[in-house]
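Novice: Take a look at this one; I'll ask things after.
The values are calculated or read from the model by the stated rules, or taken from the named source; none is laboratory data. Source: prediction; values computed, not measured. Please note: Cβ atoms are built from the backbone with ideal geometry, for glycine as well, and neighbour counts cover all protein chains shown. These accessible areas exclude ligands, DNA and RNA; they are computed on the full protein's heavy atoms, side chains included. Shrake-Rupley method; radii C 1.70, N 1.55, O 1.52, S 1.80 Å.
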Amino acid sequence: RRYDDTDVILCEVTENGVDSVRARAALRRLNEIHGVYKITNDDHLYTLSVFVLEPARFFARYGYRPYSDAEKAAATAVWTRIGTAMNIHSIPESYAAFDAFNVAYERDHMVHAAANTRVGNATMDLLLSAGPAAPLPRGPARKIFLAAMDDRLLDAMGYPRQHWALKKAVDVGLKARGAA
């Protein structure tokens, strides 16, 4: 349900524009959903930073080319606008500032909690049920997902570190896909 809600809300924003009536209504709904939880402004900023940074980080490592400075600036502008529409404050003013915030936040807050494992398992189950991983047996597909994660993320999620050879094979495979 959480994934579906997020998908619908982000589609409204990306397909209609942040300032559209539909996007504004979707973001209001997102704030209502989040309003029942104790989510700090820094937690919201971290989530924004993930949306700004992770696609560029993935492309830098596995894409056919890294993001250009203009693409990084565009991602920063779009997610800053979304954050502003969500009433998030103290939003970093540049891609570099988002990166600095993200690194510091992870250093200070990325620790294991049982809830991380529960959310991670639900997310992985969802990812393994659709897309290119769907036809693979769950066990091996799960190991491939885990091999793509860095050790800090694995530790915070409560997941086992994978064998170096599998990690290397997944890394090479993703790089080859990006080069194709």
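Novice: State which residue is least open to solvent (accessible area, probe 1.4 Å) when the search covers only the range 48-69 and only residues that are not in a helix (DSSP H, G or I) and not polar (S, T, N, Q).
Specialist: Of everything passing the filter in the range 48-69, G63 is least open to solvent (accessible area, probe 1.4 Å).
Novice: Only helices (runs of 4 or more DSSP H) wholly contained in the range 99-180 count here; list those with 1 or more residues that are in contact with a Phe, Trp or Tyr (Cβ under 9 Å, 6 or more places away or on another chain) and of a type in the set (S, T, Y).
Specialist: Filter on the range 99-180 gives 114-128.
Novice: Being in contact (Cβ under 8 Å) with a residue 24 or more places away in the chain and under 19 Å from K167 (Cβ atoms) is the filter here; which residues of the range 111-146 pass it?
Specialist: Answer for the range 111-146, where residues must be in contact (Cβ under 8 Å) with a residue 24 or more places away in the chain and under 19 Å from K167 (Cβ atoms): G120, I144.
Novice: Out of A96, A141, A133, A100, which single residue is surrounded by 12 or more Cβ atoms within 10 Å (Cβ to Cβ) and at pLDDT 95 or above?
Specialist: Only one candidate qualifies: A100.
Novice: Sticking with this structure for a sec: Among the residues of the range 32-61, which ones are over 25 Å from V103 (Cα atoms) and either of a type outside the set (G, A, S) or touching a Ser or Thr at 6+ places or on another chain (Cβ under 7 Å) (or both)?
Specialist: Correct list: E32, I33, V36.
Novice: Which condition number in (1) open to solvent by less than 60 Å² (accessible area, probe 1.4 Å); (2) in a helix (DSSP H, G or I); (3) touching a residue at least 60 places away in the same chain (Cβ under 8 Å) is the one that V18 fails?
Specialist: Single failed check for V18: (2).
Every residue, every condition in (1) modelled with pLDDT under 95; (2) under 17 Å from the mean Cα position of the chain (by Cα); (3) farther than 23 Å from M149 by Cα, yes or no:
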| position | (1), (2), (3) |
| --- | --- |
| R29 | yes, no, yes |
| L45 | no, yes, no |
| R57 | no, yes, no |
| Y64 | yes, no, no |
| A70 | no, no, yes |
| T76 | no, yes, yes |
| A85 | yes, no, yes |
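Novice: Determine, yes or no, whether G83 is part of a helix (DSSP H, G or I), closer than 29 Å to G35 by Cβ, open to solvent by less than 60 Å² (accessible area, probe 1.4 Å) and of a type outside the set (A, V, I, L, M, F, W, C).
Specialist: Values: part of a helix (DSSP H, G or I): yes; closer than 29 Å to G35 by Cβ: yes; open to solvent by less than 60 Å² (accessible area, probe 1.4 Å): yes; of a type outside the set (A, V, I, L, M, F, W, C): yes.
Yes.
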